[in-house]
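A.B. asks: The following block contains the structure, expressed as structure tokens.
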Amino acid sequence: MKRGGGVALSSICATLAGLLVHADAALAGFDPPGEVILGTAQTLEQGELVIGVLSPLAYGINDSLTVFIHPVSWALLAPNGSFRFRFYDEEPIRVAAVFGGAVAVSPDGVDIPDVRRPAGHIDIGISSTLTLGSWLLTGKVGYQRDFAPDDDDLDWSFVIDWVIGPSSLLQLQGGFQFGRIYAIKAVNASLAYVHSWGALHLAAGVAYGDFPLELEAGVVSACPNSWDYPCIWPVIDVFWRF
């Protein structure tokens, strides 16, 4: 990431702080459990908005179609966007089609040949969520086409949500991609606890993954690509749902 991104991130945090001051009181975010949005096949209601520091911005175009973008990535010159279209909703199963894309802009003067960091991609897939009382089980399978370098990827992921109470959620998620160039790549997993205070949500946990970020010039990863050296990162996020 460019160091200049810190200025953009500070501006976003300041804006979010202002939103918190003016946020109206809202019901707890996990009552009923089917209200869980991030990582599931559920969609927002028309006009609903989710905005956070690390989590994507989500907006309900209508009750069945939600758009997602990562504003921080846009601020760092990495345009992105995706859509989730829920076409089946009969309890206890929801099914949605997901499709989107992204463009990665390398820092000026730095050319890092890393197949995990293509110049752009488009993807399409199917996500399904099964609700079993306070448990939500979500699976996703999809296809991703990478550009520069070109690659065809199969994308597999799962999410397990345990709704502990109306304002508490424990989420386990993981996944990987399988492509022509690098075989299995982009393996990741995370475990997070999420608490809701009406519109405000706080998530804290740990994530595993060798994420292809530019930590310094010419270096895209601080972790060796080996199961013998697990790359575990602390994660904290704040987001609002209006």
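A.B. asks: In region 130-155, what count of residues is obtained for those that are under 20 Å from the mean Cα position of the chain (by Cα), of a type in the set (Phe, Trp, Tyr) and at pLDDT below 95?
C.D. replies: The number of residues fulfilling the criteria is 0.
A.B. asks: Follow-up question, since we're still on this one. So which residues in region 133-168 are of a type outside the set (Phe, Trp, Tyr), touching a helix residue (DSSP H, G or I) at 6+ places or on another chain (Cβ under 9 Å) and not in a loop (DSSP other than H, G, I, E, B)?
C.D. replies: LEU136, ASP161, VAL163
A.B. asks: Residues in region 73-83: is at least one modelled with pLDDT of 85 or more, within 21 Å of the chain's Cα centre (by Cα) and under 20 Å from GLY139 (Cα atoms)?
C.D. replies: Within region 73-83, one or more residues are modelled with pLDDT of 85 or more, within 21 Å of the chain's Cα centre (by Cα) and under 20 Å from GLY139 (Cα atoms).
A.B. asks: Answer yes if at least one residue in region 206-218 is at pLDDT 90 or above and either of a type in the set (D, E, K, R) or under 27 Å from ILE37 (Cβ atoms) (or both), and no otherwise.
C.D. replies: Yes; the residues of region 206-218 include at least one that is at pLDDT 90 or above and either of a type in the set (D, E, K, R) or under 27 Å from ILE37 (Cβ atoms) (or both).
Okay, residues lined up against (1) among the small types (Gly, Ala, Ser); (2) on the phi < 0 side of the Ramachandran plot; (3) surrounded by fewer than 16 Cβ atoms within 10 Å (Cβ to Cβ):
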{"position": "GLY165", "(1), (2), (3)": "yes, yes, yes"}
{"position": "GLN171", "(1), (2), (3)": "no, yes, no"}
{"position": "GLY174", "(1), (2), (3)": "yes, yes, no"}
{"position": "PHE178", "(1), (2), (3)": "no, yes, yes"}
{"position": "ILE181", "(1), (2), (3)": "no, yes, yes"}
{"position": "ILE184", "(1), (2), (3)": "no, yes, yes"}
{"position": "ASN188", "(1), (2), (3)": "no, yes, no"}
{"position": "TYR193", "(1), (2), (3)": "no, yes, yes"}
{"position": "HIS201", "(1), (2), (3)": "no, yes, no"}
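The values are calculated or read from the model by the stated rules, or taken from the named source; none is laboratory data. What you are looking at is a predicted structure, and each value in this text was computed from that prediction instead of being measured. When we count neighbours, we look across all protein chains shown, and the Cβ atoms used for this are built from the backbone with ideal geometry, even at glycine.
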